Every structure is written in C-alpha cells, then in structure tokens.
Amino acid sequence: MAAALLSLDEALEKLLALAAAEPILACESVPLEQAQGRVLAEDLIAGLDLPPWPNSAMDGYALRLADWQGEPLAVSQRILAGQAPQPLAPGSCARIFTGAPLPEGADCIEMQENCELLADGRVRFLQPLRANSHIRAQGQETRAGQRVLPAGTRLGPVQLALAASLGQAALSVRRRPRVALLSTGDELVEPGAALGPGQIYNSNRVLLGSWLRQLGCRVEDLGILPDDAEATRARLAQAREVDLILSSGGVSVGEADFLGQVLRAAGELQLWKLALKPGKPLTCGRYGGVPVIGLPGNPASSLVTFALLARPYLLRRLGVERVRPLRLQVPAAFAWPKAGGRREYLRVRLEEGRAQLHPNQSSALLISADWADGLLEVPEQSTFAEGDAVGFIPFSEVFG
Ligand code: AMP
Ligand code: MG
C-alpha cells in the first residue's frame with residue numbers, strides 16, 4: 001500500500017522540474033521601496049568599491065605609525081564624517097570620527113578612550129599602537145565589478161539595503177506571478193454572510209490568498225466553486241491569463257470531487273497520493289494550457305502542502321535557487337514510539353528550546369497552527385525518543 005504513495009521529496013522534485021521548464025522571465029524595474037519580497041532578475045554588480053575609501057571605525061585620532069616615538073603629537077586637522085580631509089601633515093595626528101575618510105598618509109587610528117588630550121593641545125597615546133587598527137579598508141565589503149547578489153535572489157531588507165549602499169535606486173525584478181485562486185465545495189460560505197445548514201466559512205481563501213500576496217503574487221480570486229462539473233468547467237475557463245490555477249478542496253477521489261473529474265476529462269491531470277500527513281491528495285495538471293495545483297481542502301493540509309510544495313514551485317518559476325525551507329534540529333519534548341508509513345508534519349511549539357506537541361493534530365484544525373511555532377518533521381517509518389533531535393521548520397521560514 002505504502003509503495004503506491006509518492007514521497008514528498010519525489011513530489012517536490014517533479015514540481016520543481018515543471019517550474020524550471022516554465023519560468024516566468026518577464027521583468028520590470030521597481031524602486032527599492034517596492035521591491036521587498038520580489039526576485040532579482042539580473043545579477044547585481046557593484047558599481048563602486050564599498051567602502052569607497054578607507055575610513056575610521058572609531059572616534060579617535062589618526063596618525064602615521066612611523067611618526068610616533070612615544071611622544072605626544074600635535075593635532076593638525078579635524079575630520080568629521082562627510083568631510084574631505086587634507087593629507088596628514090608629517091609629525092602630527094588628526095582628530096577623526098566614525099565614518100570619516102582616513103587622511104592620506106595615516107595608517108593607524110587610536111580610539112579616543114586610549115588617548116589623553118594635553119593642556120597644550122597635543123595628544124598622548126597611552127598604549128602601544130598597531131598599524132591599520134580601527135581602519136575600515138577600502139573595498140572590504142565589495143570591489144567595483146564584483147557580483148554582490150546573483151539573479152534569482154529574493155529581496156528582503158538586507159538585500160535591499162545592500163543595493164542601496166551601492167547607490168541603486170531601483171532594481172530589475174521578475175514580474176509578479178498571476179495566480180487564480182479557487183475554493184471548492186458546496187458547504188463553503190464567505191465570511192460576512194449567514195451560515196445555512198451544513199455550511200462552514202471559507203477559510204482557505206484567506207489563508208492562501210494572503211500567503212500568495214506575501215509571496216509577491218497577484219491573486220485573481222475566482223471565489224467558491226460549487227460541487228458541479230459544469231460550473232467548474234465554466235469557472236476554470238475564466239482563468240486564462242494566469243501563470244497558475246491554485247485550488248483547495250475537491251481533489252480526493254470522492255464522488256463530490258468535481259475539480260478532479262473535470263481536470264481528468266480534460267486529459268491533463270495527475271492525481272498524486274502523497275506519503276504525507278496532513279495532506280495526502282494533491283492534484284497537478286494543466287487546464288487550457290495553464291498549470292493547476294489542487295491542494296487538499298482541510299485547512300491544515302492546505303497549509304502544509306502550500307508550504308512544502310506550492311510555495312517552492314512558485315519561487316522556482318521565478319528563478320529562485322534556494323526554495324526549500326531551512327530545517328533546524330531541535331530536541332523533542334515528547335516521544336514518537338509508533339512509526340508511520342507517511343512523513344508527518346506535527347504542529348509544535350518551542351518551549352525552552354524543546355518541541356512541544358499540540359495535543360490535537362487534526363488536519364481540520366487551524367487553531368493548532370496558530371499555537372505552533374512550526375512543523376516538526378517525522379520521516380516515514382521512523383520513531384524518536386524524548387530528547388532526540390528532530391527536524392523542525394519554523395513557520396517564519398515559509399510564511400512570506
Ligand atoms: P475536500 O478536499 O473538498 O474533500 O475537503 C476536505 C475538508 O476540508 C472538508 O471538511 C471541507 O469542508 C474542508 N474544506 C474544503 N475547502 C475548505 C475551505 N476553503 N475552507 C475551509 N474548509 C474547507
Ligand atoms: Mg469538497
């Protein structure tokens with residue numbers, strides 16, 4: 001039985017191969033303030049040395065080491081950040097502040113805490129001096145012409161600040177992926193409306209919609225699909241100008257799983273049964289030429305399959321290299337004595353560095369995902385004892 005299931009790693013490999021075969025290549029130039037979360041389209045090459053000139057790491061005094069025989073030195077100039085210094089007068093030192101350019105001829109800076117300003121205006125150095133101390137060398141961060149960020153880098157605050165430090169006001173990024181989002185199920189009602197008998201509020205629409213937007217996607221919300229083949233066909237036909245149709249629900253082999261039926265009839269459907277818990281059924285296919293990923297409907301299953309499969313797929317279509325979330329090793333605060341056939345992702349919270357298990361791991365629950373800090377990864381056919389190190393994916397790795 002278990003042999004018929006596709007492992008998560010195999011499913012991810014397949015999805016990443018599909019993504020790499022259909023990259024979203026178009027790009028646009030956006031100002032740095034709007035580039036957060038976007039994917040760099042071209043290598044960022046430094047146009048200047050960083051720092052552009054040697055400068056002081058301290059408030060203190062700059063001197064030429066060879067000029068100093070242990071006697072106090074006269075102060076010949078004062079250099080603040082933003083000023084252009086004169087060459088250092090021989091036999092003197094310069095008052096200098098953090099970030100100010102090193103004057104030509106100086107090769108050493110002493111911090112002011114180790115200096116004594118004498119009544120006659122000269123400076124006594126209280127400790128032995130070393131060459132190059134407290135000097136930030138020109139080009140220590142990067143040299144002009146060097147590649148600072150490769151194409152495919154996802155832009156966060158650090159990458160944007162690096163671009164700013166190189167004088168870049170805008171960056172070329174891949175255009176936003178357009179994703180048509182569908183929720184399926186006759187039982188679904190949008191928040192704000194009244195619930196009829198047997199109905200529940202649609203939570204996946206907001207879960208996936210907000211997550212997609214954080215990923216930088218443009219979401220075309222196609223709303224709730226009734227469990228009806230004709231309506232499903234008509235709604236799918238609206239999703240033409242998109243890069244992906246992402247649906248939730250209706251993908252198992254139940255009678256009411258119309259999305260699966262319609263895609264099957266269109267002839268380009270792979271129904272995957274994953275060795276994954278939560279999140280066994282997953283649809284992957286094309287409709288009218290557009291790639292489709294159908295996530296399972298249970299909210300925790302949607303969450304796990306989006307985090308581990310759909311998110312990496314979308315990022316890879318944008319050319320991102322590192323799409324797998326970081327896994328940390330953390331000790332478990334509980335034992336897992338019974339091996340399962342499917343890889344399991346448990347909602348856990350870190351308390352004093354140990355992973356605590358939420359008592360209710362039902363795939364229908366979101367509340368345990370709110371409580372949790374992330375997912376503990378229990379490989380297929382494996383057990384662990386309390387205190388053993390187990391793979392842990394923080395939610396902060398996959399949200400956004
Ligand atoms: P399905 O995959 O359609 O069989 O749905 C599995 C379970 O997830 C059922 O209990 C559905 O009611 C629930 N479900 C499906 N879609 C959603 C949704 N968009 N929001 C909340 N629950 C859903
Ligand atoms: Mg359904």
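A few points about this structure:
- Neighbourhood net charge (11 Å Cβ-Cβ; Lys/Arg +1, Asp/Glu -1) for Gly249: -3
- Paramagnetic reach from Leu65 (point 7 Å along Cα→Cβ, amide N under 15 Å) across region 75-101: none
- Net length available on complete extension from Gln112 to Glu42 is 20.8 nm, with 0.36 nm assigned per residue and the Cα-Cα distance removed.
- Top of Leu222, Leu326, Leu269 by mean-square fluctuation, Gaussian network on the chain, Cα under 10 Å: Leu326
- For region 259-303, the alpha carbon convex hull comes to 63 Å³ per residue, rounded to a whole number.
- Prolate/oblate/rounded call for region 223-321, Cα gyration tensor, a/c under 1.5 rounded: oblate
- Sorted by Cβ neighbour density within 10 Å, fewest at the top, the residues Thr383, Thr305: Thr383, Thr305
- Of all the options Lys338, Lys273, Lys14, the one that moves most in a Gaussian network model of the chain with Cα springs shorter than 10 angstrom is Lys338.
- Most mobile listed residue (Leu376, Leu102, Leu155) in the chain, GNM with C-alpha springs under 10 Å: Leu102
- Placed amide H near Ala355: partners under 5 Å, 5+ positions off or other chain: Ala332, Ala333
- Three semi-axes describe the equivalent ellipsoid of the chain; taken as square roots of 5 times the Cα gyration tensor eigenvalues and ordered largest first, they are 58, 26, 17 Å.
- The per residue volume of the convex hull around the alpha-carbon atoms of region 3-106 is 225 Å³.
Only the coordinates and a few stated rules stand behind these numbers; no lab work does. For clarity, every value in this text was computed on a predicted model and none was experimentally measured. Positions of Cβ are backbone-derived with ideal geometry, glycine not excepted, and every protein chain shown enters the neighbour counts.
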